[in-house]
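Please find one structure pasted underneath; my questions will follow.
Where a number appears in this text, it was derived from the coordinates with a stated rule and is not lab data. Bear in mind that the values here come from a model prediction, so they are computed numbers and not experimental data. Here the Cβ is made from the backbone with ideal geometry for all residues, glycine too, and neighbour counts use every protein chain on show.
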Amino acid sequence: MTLSFRVRVEDRGVDVAHDLPLGRTLGIVGPNGIGKSTVLEVLAGLLAPPSGHARVGPRVLFDLDDDGRGQWVPPHQRGVTLMAQRPLLFPHLSVLDNVAFGPRSQGASRKAAREAAGDWLARLDADRFAARRPDSLSGGQAQRVALARALAAEPEVLLLDEPLAPVDIEGKADLRRLLVDVLGERTAVVVSHDPWDVQALADEVLEMGPFPNSRKSN
Amino acid sequence: MILPAVLGALVVAVPVLGLVVQVDFAGFWRLISSESSVAALWLSLRTAAASTALCILLGTPLALVLARSDFTAKRLVRSLILLPLVLPPVVGGIALLHAFGRAGLVGRYFEVFGFSVAFTTTAVVLAQTFVSLPFLVVGLEGALRSAGTRYEGLAATLGAGPGTVLHRITLPLVLPGLASGAVLAFARSLGEFGATLTFAGSLQGVTRTLPLEIYLQRETDPAAAVALSLVLVAVAVAVVGISAPRAFSVGGRPG
Amino acid sequence: MSRQGHGRDSAGRFGWAPLSGATTAVVGAAVMALALSGCGTGGGGGASGENTTLTVYAAASLTESFEDLAAQFEENHPGVDVQLNFGGSSTLVTQLQDGAPADVFASADQANMDKAVDADLIDGSPSIFAGNTLTVAVPSGNPAGVTSFEDLAGDDVDVVVCETRVPCGTATQKIEDLTGVTLDPVSEESSVTDVMGKVTSGQADAGVVYRTDVKAAGDSVEEVEIDRADQVVNEYPIATVKSAGNADLAREFIELVEGPDGQARLAEEGFRSP
């Protein structure tokens, strides 16, 4: 059982493919502007590529032929959650309701969703922020909440785009440790320009570079 | 820079000042409390509230479609919606007459069902909605564009379907923009004159809004017209002053 | 002859409007005269050359007839340029009070002429040159089947009138008092133009308007006469303005209006002789 994908977006010079056994973490590295984020957006369903495919086990995320025809599952039915480069906490909701958003959207009652959110915040040592407004958090705190929010959605695949970028030096080590902990048995794809982060978090690496076909390494 | 800015402010301020100094304050209360004035003010407030509600109901989906979807006729649709902003109101009134009037394009079918908007308060609300809708749509579309789609996309990856995203993310995020658009629409509805005069008629308590009453008062009692004008200015200032700064100050940065 | 809409009063007051009909030399003289004397010296008062301007302020309902009469006047008085300014009578009085240059003022009602007299703007006493009576206008085809003023009181007839605060509304009220018919209008407009607009567009089944309005509207409306309309006559007074630059010409113009040619032309528009 794997997360297998091929993503081709010619006008951004992106053409990558990979098979990732479920429960493992893939790191995507490469210089800025090479299209790493594009791959995540396609997997999350926020950007439709001209062609390509992706599956989680037998479940199709998308399967588009060269004419762009075929299957395209909308983002909210993929079980694929994106943690974007910036925390993007919903500014009109409290920290607790931000984290409860995933479970609530998936049908949990308000009470159950808040309980789940509280648990996740506690696990990430962020429960003291629960009642605060997102704009009162520091970069590291916000990213921690964003991680709790992504995890609370109980995704099958978690996508992380430069998760350590908005965090200052002191916070970085803490958050990195936290990520190592939560990514343990999860299927995840981490994009980073920092080889150290990838080394710490990823089980395998996909390197995107300025050449026609990206190289696969391990 | 300063001089043109001051001149710009004066262009607006001087006529208002001219109006204020003209007011007969001693007889002000007597002038504005006549039965016809009170009826006109009350009608204006009611119809402006109704048309603002209608603008929100119809304008929100329209702004969403314009900001979030892509179709070939979009530019055309947007230009069409902006039309009432640049049309002389009387032209709007004539257009409404030939659409919803008794012999109008749509109005003749209303007649068949024994329903007529001619000379009713509904006609006033319709005229006000026609001229005010662009204010709401333009304001809201701008807010939607500046809010962007990143929050919406992220919410979708958390498992939220389009309906959930709309009412839990999109609408709350653009609430300030919606509020300021609604305030402007209300103020515009309150001041609507030309389209109402041409389309709805003028009958106390039914179709004669405050601007129409002022126009009529001018014929016989200019002092009362001036006094009522000041009431209209005061209501407009109150509406814009109380609601708009809050809406505008947070308009760009949601939260 | 040149015609000037009331939207251009300020231009007229500052002496730009004569440009349309005058030669460059005369314009130069007029501009200089205005510059020396300030504005508001009286209609065409600055023109000292061969051409003389006679400025006539007239109620909007007189537009068609006065345009023709002005052309006739110019024909009989070579070198005279008649300039017409049409507008609502109350607007015209306001303009006169503000110092607008005019030689002749023709009002659509006595009240506004009285205002001008009270403001000491009028030379001598005004004379009545025409009368206008009320009538009922119905959309062509007469959808509601109106045959008399009494029919207008019916529940199924949407009738539009002028509000009692404007002259045509006052006249309508008098007819109601005379006939004992009480109307229940769907709209009380602020001008007779707005009443006509509701009738020509078919919004209303009937409107109480002036005979001249029905004549001017042509085929788009039909007329249902009011039996006792003759008893409520709206009289049109005309007078020379005190500040007239050419009082003799002004009097001659008034004579034309009141003479057989003028009366015949006015009758064509639906006016009655006083």
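What share of the DSSP beta bridges in region C:132-233 is antiparallel, in percent to the nearest 5? The partial results should precede the final answer.
On the way: 9 of 14 bridges.
Antiparallel bridges: around 65 percent, rounded to the nearest 5.
May I pose another question? Please work out whether region C:132-233 counts as rounded, prolate or oblate from its C-alpha gyration tensor, where a ≥ b ≥ c are the square roots of the eigenvalues and a/c under 1.5 means rounded, while otherwise a/b larger than b/c means prolate and anything else oblate?
Numbers: a/c = 1.30, a/b = 1.18, b/c = 1.10.
Rounded, since a/c falls under 1.5.
May I pose another question? With r as the distance between the Cβ atoms of B:Arg30 and C:Gln231 and R0 = 56 Å, compute the FRET efficiency 1/(1 + (r/R0)^6) and round to 0.05. Please list the in-between numbers first.
Values: r = 36 Å, r/R0 = 0.64.
Efficiency at R0 = 56 Å is approximately 0.95.
From the gyration tensor of the Cα coordinates in region B:35-249, what semi-axes in whole Å does the equivalent ellipsoid have, largest first, with each one equal to sqrt(5λ)? The partial results should precede the final answer.
Details: eigenvalues 237, 95, 37 Å².
Value: 34, 22, 14 Å, ordered largest first.
For region B:8-162, rounded, prolate or oblate, judged on the Cα gyration tensor with a ≥ b ≥ c (square roots of eigenvalues), a/c < 1.5 rounded, else prolate if a/b > b/c? Don't skip to the end; give the middle numbers.
Numbers: a/c = 2.18, a/b = 1.39, b/c = 1.56.
Oblate.
Which percent of Cα-Cα pairs in the protein assembly as shown sits in each 10 Å bin, short to long?
Reading upward from the zero bin: 3, 11, 16, 16, 14, 11, 8, 9, 8, 4, 1, 0.
On C-alpha positions alone, give me the angle between the axis of helix A:110-123 and the longest principal axis of chain A, in degrees, nearest 10.
The angle comes out near 80 degrees.
Is there a quick way to get the dipole size of region C:132-233? I mean about its Cα centre, with the Cβ of Lys and Arg at +1 and of Asp and Glu at -1; what is the value in debye to the nearest 20? Each step should come with its number before you reach the end.
Details: 6 positive and 20 negative charges, 81 e Å.
Rounded to the nearest 20 debye, it is 380 debye.
Another one. Restricting to DSSP H runs of at least four residues, report the calculated mean residue ellipticity at 222 nm for chain B, -39500 (n - 2.57) per run over all residues, nearest 500 deg cm²/dmol. Intermediate results must be reported in sequence, preceding the final value.
Details: 13 runs with 192 residues, N = 255.
Only helices count here, giving -24500 deg cm²/dmol.
How large is the Rg to Rh ratio of region A:46-125 when both quantities use alpha carbon positions and Rh follows Kirkwood?
Here the Rg-to-Rh quotient is 1.09.
So what is the orientation-averaged projected area of region B:122-199, using the convex hull of its C-alpha atoms, in nm²? Intermediate results must be reported in sequence, preceding the final value.
Values: hull surface 22.8 nm².
Across all orientations, region B:122-199 yields a mean hull projection of 5.7 nm².
Only four residue types carry charge here, +1 at the Cβ of Lys and Arg and -1 at the Cβ of Asp and Glu. Report the dipole size of region B:35-249 about the Cα centre in Debye, rounded to the nearest 20. The partial results should precede the final answer.
Details: 14 positive and 9 negative charges, 129 e Å.
Here region B:35-249 has a charge dipole of around 620 debye.
Next question. For C:Glu258, what is the net charge nearby, where nearby means another residue's Cβ is under 15 Å from its Cβ and Lys, Arg count +1, Asp, Glu -1? The partial results should precede the final answer.
Numbers: positive: C:Arg251, C:Arg265, C:Arg272; negative: C:Glu235, C:Glu252, C:Glu255, C:Asp261.
Net of charged neighbours comes to -1.
Starting from the Kirkwood Rh over alpha-carbon pairs, what translational D in µm² s⁻¹ does region A:24-73 have by Stokes-Einstein at 10 °C and 1.306 mPa s? Mind dumping the intermediate values first?
Working: Rh = 11.9 Å.
This corresponds to a translational diffusion coefficient of 133 µm²/s.
Restricting to chain A, compute how many DSSP beta bridges are antiparallel as a %, nearest 5. Walk me through the intermediate numbers first.
Numbers: 25 of 42 bridges.
Looking only at bridges with both residues in chain A, the antiparallel portion is about 60 percent.
Please determine, in degrees from 0 to 90 and to the nearest 10, the orientation of helix B:89-100 with respect to the longest principal axis defined by the Cα atoms of chain B, where the helix direction is its Cα long axis.
Orientation of helix B:89-100: about 70 degrees from the principal axis.
Placing +1 on the Cβ of each Lys and Arg and -1 on the Cβ of each Asp and Glu in chain B, which of B:Ile32, B:Val91, B:Ala234 has its Cα farthest towards the positive end of the resulting dipole?
Positive-end residue among those listed: B:Val91.
Nothing charged except the Cβ atoms of Lys and Arg (+1) and of Asp and Glu (-1): what's the magnitude of the dipole of chain A about its Cα centre? Round to the nearest 20 debye.
Working: 26 positive and 29 negative charges, 121 e Å.
Rounded to the nearest 20 debye, it is 580 debye.
In Å and on Cα atoms, what radius of gyration and Dmax does region C:187-274 show?
16.6, 48
If you don't mind, another one. To the nearest 10 degrees, how steeply does helix B:121-147 sit against the main Cα axis of chain B, on a 0 to 90 scale?
Here the helix axis deviates by roughly 40 degrees.
Sticking with this one: Using the alpha-carbon centroid of each, what span in Å lies between region C:196-274 and region A:1-69?
For region C:196-274 versus region A:1-69, the Cα centre distance is 83 Å.
Here is a follow-up. Restricting to Cα pairs below 8 Å that are 6+ residues apart, what does the relative contact order work out to for region C:132-233? Please round to a whole percent.
Once normalised by length, the contact order is 48 percent.
What does the net charge come to around C:Ala111 if you take all other residues with beta carbon closer than 13 Å to its beta carbon, with K and R at +1 and D and E at -1? If you can, show how the numbers build up before the last one.
Details: positive: C:Lys115, C:Arg165; negative: B:Glu219, C:Asp109, C:Asp114, C:Asp118, C:Glu235.
In short, -3.
Net charge around B:Leu43, counting only other residues with Cβ within less than 10 Å of its Cβ (Lys, Arg = +1; Asp, Glu = -1)?
Numbers: positive: B:Arg46, B:Arg208; negative: B:Glu213.
Overall, the nearby charge balance is +1.
Counting only DSSP beta bridges with both residues in the protein assembly as shown, tell me the antiparallel percent, nearest 5.
Numbers: 45 of 81 bridges.
If I count the DSSP bridges inside the protein assembly as shown, around 55 percent turn out antiparallel.
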